[in-house]
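Okay, so here's the structure we're looking at.
The values are calculated or read from the model by the stated rules, or taken from the named source; none is laboratory data. On a predicted model such as this, the values are computed, not experimentally measured, just so you know. Neighbour counts run over all protein chains shown; Cβ positions are idealised from the backbone, glycine included.
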Amino acid sequence: MLKILLLAAVLFAVYYFFFRTKPIKEVKRPHVTPETMDDMVPCAKCGTYVTLDDAYISGGRYFCSTHCIGA
Ligand SMILES: [Zn+2]
């Protein structure tokens, strides 16, 4: 009986892990114009400077990649 409970807990943990690591839906490209696309902004996660053209916005902050948003 204990093994069944343990197995259920492991399965739930695996399911929860995959549910949590789904791609973030609110990722969107910042508003870029020809005048601002070369502006440099720091990534809120790792501090890497990226151009607005390459930056991602999530929660009002800039990120260099979707990896930094998810980490
Ligand atoms: Zn980054």
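If the condition is being part of a loop (DSSP other than H, G, I, E, B), among the hydrophobic types (A, V, I, L, M, F, W, C) and modelled with pLDDT under 80, then the range 2-50 contributes ILE24, VAL27, VAL32, MET37. Entry remark, the range 42-57: residues being farther than 13 Å from HIS67 by Cα, among the hydrophobic types (A, V, I, L, M, F, W, C) and within 11 Å of the ligand (Cβ to nearest atom) number 1 in total.
Each residue in the range 52-71 was checked for being surrounded by fewer than 14 Cβ atoms within 10 Å (Cβ to Cβ) and not in a loop (DSSP other than H, G, I, E, B), and 2 of them qualify. Restricting attention to the range 1-21, the residues being more than 31 Å from the chain's Cα centre (by Cα) and basic (Lys, Arg) number 1.
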